[in-house]
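Down below is the structure, laid out as C-alpha cells.
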DNA sequence: ATGTCACTTTACAAGTGA
C-alpha cells in the first residue's frame, strides 16, 4: 500500500503534474496541502476520471487540504475543535479501508518572535489535544502533511544557519514531539536512520533546490500498527525539477510511504 | 541568504504569504 503526501502550492497550477503523479506511482491514498481553492473549484471530476475518490476542505487563496483514494473515503472530518485559527482550512481526516488518514497543513509561523509563531505553537498544542481526544492511537493511523517543522538537525541542510530559526526552533520541535508522544513514529526518520534528510522542501529563491538547500518538513507519522508495516519512505525529487512535467513545480516534493499489505 | 511563485485587488502594479 502506498500513501503520498504533497504540498502542491495551488492544485490548479499543479493539475497536470498531479495527474501524472497518480499515473506514475499508482498510490492508494494521496494527501494534498495548499490546494488554495474553494471546494467548488477543486478538480474532483478530473481526479475521479483518473480513478480516485476525493474529499476536499478548501478556502479561497490560502491553505486548503484534500485526500484522494482509490477506495471510498468515510468518516470524513473537516478541521478540529479548538483550532486557534478556525477560519483556516488546515486539517482533514478520513478513513480508507482500515487506515485512518489525517492530512495536516501546519501554520507556517513566519518567524520566531512573530505573532504568527505563537499561533503556530498554540495550533500544534491544540492539534495534539484533538488527536488524543478523538482518535485511537492503537489503530492504524497516518498523520501526514506539511508540518512546517524540521524535527531534528538531520532534517536541515545547514543546522548552523537554521539554528533557532522558524521551522527548526526548539519550541516547535517540542510541540512536534508532543504529537509523537501520543503514539506516533516519524516513519521518514525511521527509514532514513541517521542519514541527513531526505529533504522535501526547497525555497523557490536562490536556486535552493539545485544547491541542496532543503529541509525535511513534509512528514509521515504513523501509529505502531502502521509502523510495523513500514517498507519505505521516499521523496520524489524528480517532481521538484523545473524540467519534469507540465508547468512549474511546487516548492515541495511528494513523499511516498510504502506499507506491507495487511496479512489477511 | 533571499536571485520565486501564486494569490488577490474600488486591479492592469503592488502587497501578502510562503
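The values are calculated or read from the model by the stated rules, or taken from the named source; none is laboratory data. These figures come from a predicted structure and were not determined experimentally. For neighbour counting, all protein chains shown are included, and Cβ atoms are generated from backbone atoms with ideal geometry for every residue, glycine included.
Things to note:
- Candidates are the residues of the stretch A:236-247 that are farther than 18 Å from residue A:213 by Cβ and more than 20 Å from the chain's Cα centre (by Cα); the one that is farthest from DNA strand B (Cβ to nearest atom) is A:244.
For every residue, the table says whether it meets (1) modelled with pLDDT under 95; (2) surrounded by 22 or more Cβ atoms within 10 Å (Cβ to Cβ); (3) closer than 15 Å to residue A:148 by Cβ; (4) under 16 Å from the mean Cα position of the chain (by Cα).
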residue: A:83; (1), (2), (3), (4): no, no, no, no
residue: A:95; (1), (2), (3), (4): no, no, no, no
residue: A:98; (1), (2), (3), (4): no, no, no, no
residue: A:111; (1), (2), (3), (4): no, no, yes, no
residue: A:116; (1), (2), (3), (4): no, no, yes, no
residue: A:121; (1), (2), (3), (4): no, no, yes, no
residue: A:124; (1), (2), (3), (4): no, yes, yes, yes
residue: A:127; (1), (2), (3), (4): no, yes, yes, yes
residue: A:130; (1), (2), (3), (4): no, no, no, no
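- Residue A:156 being closer than 20 Å to residue A:5 by Cβ and within 16 Å of the chain's Cα centre (by Cα): no
- First in the stretch A:1-20 and without any contact (Cβ under 8 Å) to a residue 60 or more places away in the chain and over 18 Å from residue A:259 (Cα atoms), second anywhere and within 14 Å of DNA strand B (Cβ to nearest atom) and part of a helix (DSSP H, G or I), Cβ under 9 Å, 6 or more apart: A:11/A:18; A:11/A:41; A:12/A:41
- In the set (1) closer than 20 Å to residue A:255 by Cα; (2) in contact (Cβ under 8 Å) with a residue 60 or more places away in the chain; (3) in contact with a helix residue (DSSP H, G or I) (Cβ under 8 Å, 6 or more places away or on another chain), residue A:54 fails one condition alone, (2).
- Within the stretch A:192-205, being buried (at least 17 other Cβ atoms within 10 Å of the Cβ) and over 23 Å from residue A:8 (Cβ atoms) holds for one residue alone: A:192.
- So residue A:89, is it within 14 Å of DNA strand B (Cβ to nearest atom), within 16 Å of the chain's Cα centre (by Cα), more than 16 Å from residue A:5 (Cα to Cα) and not in a strand (DSSP E or B): yes
- Selection within the stretch A:28-46 - within 20 Å of residue A:104 (Cβ to Cβ) and in contact with a helix residue (DSSP H, G or I) (Cβ under 8 Å, 6 or more places away or on another chain): A:30, A:32
- Lone unmet requirement of (1) out of contact with any helix residue (DSSP H, G or I) (no Cβ under 6 Å at 6 or more places or on another chain); (2) more than 16 Å from DNA strand B (Cβ to nearest atom) for residue A:185: (1)
- Residue in the stretch A:131-157 that is nearest to DNA strand B (Cβ to nearest atom), counting only those that are under 20 Å from residue A:225 (Cβ atoms) and part of a helix (DSSP H, G or I): A:131
- Every test in (1) more than 10 Å from DNA strand B (Cβ to nearest atom); (2) crowded, with 16+ Cβ neighbours inside 10 Å is passed by residue A:208 save one, and that test is (1).
- Strands (runs of 3 or more DSSP E) enclosed by the stretch A:1-70 - at least 1 residues per element that are over 16 Å from the mean Cα position of the chain (by Cα) and modelled with pLDDT of 95 or more: A:53-57
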